[in-house]
1. Can you tell me which of (1) in a loop (DSSP other than H, G, I, E, B); (2) modelled with pLDDT of 85 or more is the one Gln349 doesn't meet?
2. Scan region 327-334 and give yes if some residue there is touching a residue at least 40 places away in the same chain (Cβ under 8 Å) and in a loop (DSSP other than H, G, I, E, B), otherwise no.
3. Looking only at region 240-293, filter to residues that are assigned to a strand (DSSP E or B) and under 19 Å from Ser129 (Cβ atoms); which one of those is modelled with the lowest pLDDT?
4. In region 294-319, what residues are among the β-branched types (Val, Ile, Thr) and outside any strand (DSSP E or B)?
5. Just the residues that are surrounded by 23 or more Cβ atoms within 10 Å (Cβ to Cβ) and in contact with a Phe, Trp or Tyr (Cβ under 8 Å, 6 or more places away or on another chain), please, taken from region 263-278.
6. Could you list, in sequence order, all residues of region 209-258 that are within 23 Å of Cys176 (Cβ to Cβ), buried (at least 16 other Cβ atoms within 10 Å of the Cβ) and in contact with a strand residue (DSSP E or B) (Cβ under 6 Å, 6 or more places away or on another chain)?
7. Being surrounded by fewer than 14 Cβ atoms within 10 Å (Cβ to Cβ), among the polar types (S, T, N, Q) and modelled with pLDDT of 90 or more narrows it down to one of Thr48, Thr74, Thr60, Thr31, so name that one.
8. Can you list residue pairs whose Cβ atoms sit under 8 Å apart, with the first residue in region 140-153 being among the aliphatic types (A, V, I, L, M) and the second being assigned to a helix (DSSP H, G or I)? Count only pairs 6 or more apart in sequence or on different chains.
Amino acid sequence: MTCRARTPMGVVALGVAMWLAPALVEAQAPTAGGTSTNPAKAWTAPRTPDGQPDLQGFWTNTTYVPLQRPKDVTKEFFTKEEVAERIARASAAEDEQTEPGTTADVHYDFTQFGLDRSQGPLALNLRSSLIVDPRDGKLPPMTAEGQKRAAERAEARRRMGGPYDAAENQPLSVRCIIMDRIGPPMLAGAYNNNYQIVQVPGYVMILVEMIHDVRIIPLDGRPHLPQQVRQWTGSYRGHFEGETLVVETTNFNGKGSSTNIHTVGSPPFNNTPISDQYVLTERFTRTGPDTLTYQATVNDPVIWTAPWTVELPWQRDDNYEIFEYACHEDNSMIRNYIVTSRHERANPQGAAR
């Protein structure tokens with residue numbers, strides 16, 4: 001989890017410089033499909049004992065790249081120098097993200113421990129958006145049904161009252177029931193964007209550091225769960241296509257979202273409903289000794305007028321160790337949220353003091 005430790009900008013600049021060092025840089029170039037390739041540097045992953053491409057290790061997908069392309073940006077890729085400048089600006093803003101004594105600050109000062117994005121390893125990404133299809137880097141329009149369901153969610157939130165009026169008004173992630181790092185799809189948040197992949201014959205396991213979720217993906221061709229069995233993270237089945245692990249996930253319970261609220265550029269309130277026809281197709285491909293490309297395609301014809309695809313690099317860091325995730329032990333964070341919010345409303349002029 002994250003802490004409020006101040007990170008001097010010199011340290012950030014040094015980290016960015018190291019991150020952009022030639023040994024870590026893999027060229028990214030657009031292709032017709034909107035994905036990144038480097039045909040000049042074809043690379044074959046080592047094999048597991050049963051002959052599958054070896055994806056094992058500790059990985060991070062930490063990034064400052066937003067889900068959607070910003071309004072003031074028209075190009076698909078930045079230069080390395082532009083990326084370094086944007087990271088430095090974002091890190092500085094992140095360092096001052098809350099005002100001490102306010103409700104927002106409770107999350108950081110009372111219960112969070114670990115590394116912010118600016119303090120942990122980053123996966124190099126020159127893209128201006130995680131969305132690679134549509135090529136404009138934006139989510140496609142919603143269908144009429146999708147807009148209706150999004151409006152119903154917004155109205156339900158309005159009827160519930162403010163987010164700090166009651167514990168039940170907090171997102172499931174804040175209540176530590178399920179976290180968004182597991183997906184669908186698996187997108188980075190502000191911190192704890194770390195995963196461990198383990199392979200055994202017939203299975204791939206992905207351990208998610210955030211709230212220690214685990215995905216156990218069968219590779220034996222078994223069918224998905226029966227249609228009447230619905231789960232928050234769905235039913236996943238995988239197979240290898242050459243160097244790529246392909247995972248198809250179905251059977252979602254329809255209560256989640258297809259974006260990650262903690263990923264910059266996601267719609268407000270994560271208001272991207274999913275239907276019982278939601279299918280997520282993910283691709284994991286090793287591109288070098290310490291790099292992996294993750295691609296995920298969302299296909300939900302009930303909600304979206306077209307499928308959309310995200311792509312981002314994962315960086316391997318086998319010096320990392322995944323620690324136990326203590327999600328605001330004793331539920332102190334939600335209590336502090338509510339108490340601080342009530343104090344702010346009762347003392348609007350002097351709450352911060």
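1. Result: Gln349 fails condition (2) only.
2. yes
3. Going through region 240-293, the residues assigned to a strand (DSSP E or B) turn out to be 240-241, 244-250, 252, 257, 273, 279-288, 291-293.
Keeping just the survivors that are under 19 Å from Ser129 (Cβ atoms) gives 257, 280, 282-283, 293.
Working: Ser257: 90, Leu280: 97, Glu282: 97, Arg283: 98, Thr293: 96.
That would be Ser257.
4. Val302, Ile303, Thr305
5. Passing the criteria: Ile274, Tyr278.
6. Glu209, Arg215, Gly234, Tyr236, Thr249, Ser258
7. Details: Thr48 fails: surrounded by fewer than 14 Cβ atoms within 10 Å (Cβ to Cβ); Thr60 fails: surrounded by fewer than 14 Cβ atoms within 10 Å (Cβ to Cβ); Thr31 fails: modelled with pLDDT of 90 or more.
Exactly one of Thr48, Thr74, Thr60, Thr31 is surrounded by fewer than 14 Cβ atoms within 10 Å (Cβ to Cβ), among the polar types (S, T, N, Q) and modelled with pLDDT of 90 or more, namely Thr74.
8. Sorted first by the residue in region 140-153, then by its partner, the pairs are Met142/Ala150.
The values are calculated or read from the model by the stated rules, or taken from the named source; none is laboratory data. Keep in mind the model is a prediction, meaning the values are calculated, not measured. Ideal geometry is used to build each Cβ from the backbone, glycine not excepted, and the neighbour counts take in all protein chains shown.
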